[in-house]
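Accompanying notes for the structure given below.
The values are calculated or read from the model by the stated rules, or taken from the named source; none is laboratory data. Values in this document were obtained by computation on a predicted structure and should not be read as measured data. Positions of Cβ are generated from backbone atoms using ideal geometry, with glycine treated the same way; all protein chains shown enter the neighbour counts. Side chains included, ligands, DNA and RNA excluded: accessible areas come from the protein's heavy atoms. Shrake-Rupley method; radii C 1.70, N 1.55, O 1.52, S 1.80 Å.
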Amino acid sequence: MLSSRATIKINMETEIDTAALGEDIVKVLKGIYDPEIPVDIYELGLIYDVMVNTDYEVKILMTLTSPNCPVAESLPREVEDKVKNIENIKDVEVEITFDPPWSKDLMSEEAKLELGML
């Protein structure tokens, strides 16, 4: 029977527990808030994808609420810096995309509830 926990084996000696590492990354992302909206960027739907390779390098694909967002430079840098602080992470690249554009539909139910949209 297969375990529900994903692991990547490296040289048969080292294992990366990708599920646990993913959970750690999500915890960090949930601690970063858009300064204009009192909801974290993960629940806000700004994070489109998180990829981790076997060298403990992370790539995060994210968006902003608008191309003219006043934190367009500082928010991706904050994401990069905070994820880099996770144990074993060697490098983090944050890529900004506006495809698809962010909309309120990307927000979690929790975020909509927090903002009184439900």
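Database remark: amide H of ASP40 closer than 5 angstrom to no amide H (H placed geometrically; neighbours at sequence offset of 5 or more, or on other chains; Pro and chain starts carry no H). Karplus-derived 3J(HN,Hα) values for segment 48-53, using 6.51 cos²θ - 1.76 cosθ + 1.60 with θ = phi - 60°, are 8, 7, 10, 10, 10, 9 Hz; glycine and proline are entered as x. Only the Cβ atoms of Lys and Arg (+1) and of Asp and Glu (-1) were treated as charged; on that basis the dipole of segment 55-118 about its Cα centre amounts to roughly 180 debye. Distances between placed amide hydrogens fall under 5 Å for LEU115 paired with no residue 5 or more residues away or on another chain.
Quick one: go through segment 79-114 and flag any residue whose amide nitrogen is under 14 Å from the point 7 Å out along the Cα-to-Cβ line of ILE37. Taking a point 7 Å out along Cα→Cβ of ILE37, the residues of segment 79-114 whose backbone N falls under 14 Å are 101-114. Restriction of the GluC sites (Glu not before Pro) in segment 62-108 to DSSP coil positions whose beta-carbon has at most 10 other beta-carbons within 10 angstrom yields GLU73, GLU87. Within the chain, what percent of beta bridges assigned by DSSP are antiparallel, to the nearest 5? Of all bridge pairs located within the chain, approximately 60 percent are antiparallel. Using only the Cα atoms of the chain, build the gyration tensor, take square roots of its eigenvalues as a ≥ b ≥ c, and label the shape rounded, prolate or oblate: rounded if a/c is under 1.5, else prolate if a/b is larger than b/c, else oblate. The shape class here is prolate. ASP24 contributes about 60 Å² of solvent-accessible surface, heavy atoms of the protein only, 1.4 Å probe. Surface calculation, 1.4 Å probe, protein heavy atoms: ASP81 sits at approximately 80 Å² accessible.
In order along segment 102-112, phi translates into HN-Hα couplings of 5, 9, 4, 5, 7, 6, 6, 4, 4, 5, 5 Hz, rounded to whole numbers, per the Karplus curve 6.51 cos²θ - 1.76 cosθ + 1.60 with θ = phi - 60° and x for Gly and Pro.
In this structure, ASN85 and GLU110 have a Cβ-Cβ separation that, at R0 = 35 Å, corresponds to a calculated FRET efficiency of about 0.90. The charge dipole of the chain, taken about its Cα centre with unit charges on the Cβ atoms of Lys, Arg (+1), Asp and Glu (-1) only, comes to about 140 debye. Label-to-label distance, ALA19 versus ASP99, with points set 7 angstrom from Cα along the beta-carbon direction: 3.5 nm. Here the sum of -39500 (n - 2.57) over DSSP H runs of 4 or more residues, divided by the residues of the chain, equals -7000 deg cm²/dmol at 222 nm, to the nearest 500.
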